[in-house]
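Accompanying notes for the structure given below.
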Amino acid sequence: MKKYTQSLKVRSYELDAQGHVNYAVYLSYLEYARVTTMEQLGLPFQDFIKQGKYIVIAEINLKYMAPATLGDELEITVECIKAGKTSLTFKQEIFNKRDGKKVLEAQLVAVFIDRKGKPIPLDEEFKRAFS
């Protein structure tokens, strides 16, 4: 399976009272990496919406391993580990570039649905790009 990588820098407004990235912000980081990867692969999210195809996250499991703090440069990976009929399972990891420590591991299930919210077969181009 193909693994893609995106980078970002931690900003001040993403921190909690202890000076660490707030736990909920990591979900935004994961989303940023998936959407940016899609754009780089020529599969912009907006094109799917125009076609009446929506990609929704149906399940997510997170394991926090180390804190990230202001100014840290993070590397976020995106890798499809399983392709089903209507869904893809992704593994994502976040690493701190400063010390190489793994900050977070995530596994999530993305499902393709139509305008009525019913599952539909995976988009073939999307499936080829990620698996």
For the stretch 23-39, indicate whether the set of residues that are among the β-branched types (Val, Ile, Thr) and either loosely packed, with under 15 Cβ neighbours inside 10 Å or not in a helix (DSSP H, G or I) (or both) is non-empty. no
Of everything in the stretch 75-109, what is among the hydroxyl-bearing types (Ser, Thr, Tyr) and either in contact with an Asp or Glu (Cβ under 6 Å, 6 or more places away or on another chain) or part of a strand (DSSP E or B) (or both)? Give them in sequence order. Thr77, Ser87, Thr89
Would you point out the residue of the stretch 87-104, among those that are of a type in the set (S, T, N, Q) and under 19 Å from Lys2 (Cα atoms), that is surrounded by the fewest Cβ atoms within 10 Å (Cβ to Cβ)? Thr89
Select, from Thr77, Thr69, the only residue that is within 30 Å of Gly19 (Cα to Cα), of a type in the set (Ser, Thr, Tyr) and under 13 Å from the mean Cα position of the chain (by Cα). Thr77
Within the stretch 62-74, of all residues that are out of contact with any helix residue (DSSP H, G or I) (no Cβ under 9 Å at 6 or more places or on another chain) and not small (Gly, Ala, Ser), the one surrounded by the fewest Cβ atoms within 10 Å (Cβ to Cβ) is Lys63
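Let's see how each residue does on (1) part of a strand (DSSP E or B); (2) at pLDDT below 95:
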residue: Ala58; (1), (2): yes, no
residue: Ala66; (1), (2): no, no
residue: Val111; (1), (2): yes, no
residue: Arg115; (1), (2): no, no
residue: Pro121; (1), (2): no, no
residue: Phe126; (1), (2): no, yes
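Kindly check whether there is at least one residue in the stretch 1-8 that is without any contact (Cβ under 8 Å) to a residue 40 or more places away in the chain, surrounded by fewer than 14 Cβ atoms within 10 Å (Cβ to Cβ) and either under 15 Å from Phe130 (Cβ atoms) or not polar (S, T, N, Q) (or both).
In the first step, residues of the stretch 1-8 are kept if they are without any contact (Cβ under 8 Å) to a residue 40 or more places away in the chain; the result is none.
No, that holds for no residue.
The values are calculated or read from the model by the stated rules, or taken from the named source; none is laboratory data. Bear in mind that the values here come from a model prediction, so they are computed numbers and not experimental data. We place every Cβ from the backbone using ideal geometry, glycine too, and count neighbours over all the protein chains shown.
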